[in-house]
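A.B. asks: Sharing a structure, written as structure tokens. Questions coming.
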Amino acid sequence: MAKGQALKFYTCPNLVLQGLTHINPQKAHIILTKCDGANINSITITAPEDSPNTDGIDIASSNHVQVQNSKIGTGDDCIAISARCSFINITGVTCGPGHGISIGSLGDPGSGDFDTVSEVHVRSCNFTGTNTTGIRIKTWQGGQGEVKKITYEDIMFDNVRNPIVIDQFYCPHNVCKNNTGTSAVAISDVSYTGIIGTSSGDEVMSLNCGTESSCNNIVLDDVHLKTSDPTKTLLFVVSILMEEHRM
């Protein structure tokens, strides 16, 4: 286990975590890798908003994972879903502070991997004061892979900086040469349904896709977002025309 990680599970089938409380680890709180059939229920995770790399739950190369009825506040992602994950269900989670619930980053061209994530379903979750994003999919430009069959349903945002984000130009150290028209991880069949709340930033939704074919069937239905600061202008940013998007 890397120094500072509080709790790590590797190749643990049918894992059950319930009723745990984690406070202020040096780095990530809970890490699942190559776990098939995990149930995480009624846990509390707490770290200061300014604590770096304190992800709440990191899920990688795992399938059939449920995270339910939990409260997560960190200085990084409340939940992060990495490559080779499928059938991840997140229900009844309260996130904040932190960076929200993220898929990725995926498709780092330096790795040469074909990264995949599918069947991720986030339902009945509340985000309060998350200081970067709420629900986010992030991929590297020039990478390979696919993200598909992702649903966000019955989500509430309270003073969240960027509530909805798809970013196919992820570049954490600003050293990338991002240009439209290059290859990208394919993102398809993503739906946002029953989304309400307020944003503390200028952009309440940013769908930033690398090519005309890299984002397909992105559906927004019953989405109601407004600014928490009446002096700001509300922005919905869509950089590439999707095959389908509606509000």
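A.B. asks: Does region 182-190 include one or more residues that are at pLDDT below 90, farther than 21 Å from Val120 by Cβ and either out of contact with any Gly (no Cβ under 6 Å at 6 or more places or on another chain) or not in a strand (DSSP E or B) (or both)?
C.D. replies: There is at least one residue in region 182-190 that is at pLDDT below 90, farther than 21 Å from Val120 by Cβ and either out of contact with any Gly (no Cβ under 6 Å at 6 or more places or on another chain) or not in a strand (DSSP E or B) (or both).
A.B. asks: Turning to a different aspect of this structure: Kindly indicate the residue of region 191-223 that is among the charged types (D, E, K, R) and either in a loop (DSSP other than H, G, I, E, B) or under 26 Å from Gln144 (Cβ atoms) (or both) and also modelled with the highest pLDDT among those meeting that condition.
C.D. replies: Going through the qualifying residues, I end up with Asp202.
A.B. asks: Inside region 28-56, can you point out the residues that are farther than 20 Å from Thr133 by Cβ and not in a strand (DSSP E or B)?
C.D. replies: Matches in region 28-56: Lys34, Cys35, Ser42, Ile43.
A.B. asks: Another question, if that's okay. Please verify whether region 147-155 includes one or more residues that are buried (at least 22 other Cβ atoms within 10 Å of the Cβ), assigned to a strand (DSSP E or B), among the aliphatic types (A, V, I, L, M) and touching a Cys at 6+ places or on another chain (Cβ under 8 Å).
C.D. replies: Yes, region 147-155 has at least one match.
A.B. asks: Another question about this same structure. Quick one: what pairs do we get from region 83-101, first residue in contact (Cβ under 8 Å) with a residue 12 or more places away in the chain and hydroxyl-bearing (Ser, Thr, Tyr), second surrounded by 24 or more Cβ atoms within 10 Å (Cβ to Cβ) and in a loop (DSSP other than H, G, I, E, B), C-beta under 9 Å, 6+ apart or different chains?
C.D. replies: Short answer, once both residue conditions are applied: Ser86/Ser62; Thr94/Cys78.
A.B. asks: What's the number of the condition Lys3 fails, among (1) surrounded by 17 or more Cβ atoms within 10 Å (Cβ to Cβ); (2) over 20 Å from Pro97 (Cα atoms); (3) at pLDDT below 95?
C.D. replies: Against the list (1) surrounded by 17 or more Cβ atoms within 10 Å (Cβ to Cβ); (2) over 20 Å from Pro97 (Cα atoms); (3) at pLDDT below 95, Lys3 comes up short only on (1).
A.B. asks: Hey, Asn162 hits all of (1) crowded, with 22+ Cβ neighbours inside 10 Å; (2) in a strand (DSSP E or B) but one; which does it fall short on?
C.D. replies: (2)
A.B. asks: Test of understanding: among Ala6, Ala60, Ala47, which residue is under 24 Å from Glu119 (Cβ atoms), among the hydrophobic types (A, V, I, L, M, F, W, C) and in contact (Cβ under 8 Å) with a residue 24 or more places away in the chain?
C.D. replies: Ala60
A.B. asks: Given the conditions (1) over 15 Å from Val117 (Cβ atoms); (2) part of a loop (DSSP other than H, G, I, E, B); (3) hydrophobic (A, V, I, L, M, F, W, C), which single one is not true for Ala83?
C.D. replies: Exception for Ala83: condition (1).
A.B. asks: Still on this model: Conditions first: (1) small (Gly, Ala, Ser); (2) touching a Cys at 6+ places or on another chain (Cβ under 9 Å); (3) part of a strand (DSSP E or B); (4) more than 27 Å from Ser183 (Cα to Cα). Ser118 passes all but one, so which condition is the exception?
C.D. replies: (4)
A.B. asks: All but one of (1) at pLDDT 95 or above; (2) of a type in the set (Gly, Ala, Ser); (3) surrounded by fewer than 17 Cβ atoms within 10 Å (Cβ to Cβ) hold for Gly112, so report the exception by its number.
C.D. replies: (1) is the only condition that Gly112 fails.
A.B. asks: Sticking with this one: Do you know which residues across region 66-79 are crowded, with 24+ Cβ neighbours inside 10 Å, in contact with an Asp or Glu (Cβ under 9 Å, 6 or more places away or on another chain) and assigned to a strand (DSSP E or B)?
C.D. replies: Ile79
The values are calculated or read from the model by the stated rules, or taken from the named source; none is laboratory data. Worth saying up front: this structure is predicted, and the values here are computed from it rather than measured. Neighbour counts are summed over all protein chains in view; Cβ atoms, including those assigned to glycine, are modelled from backbone coordinates with ideal geometry.
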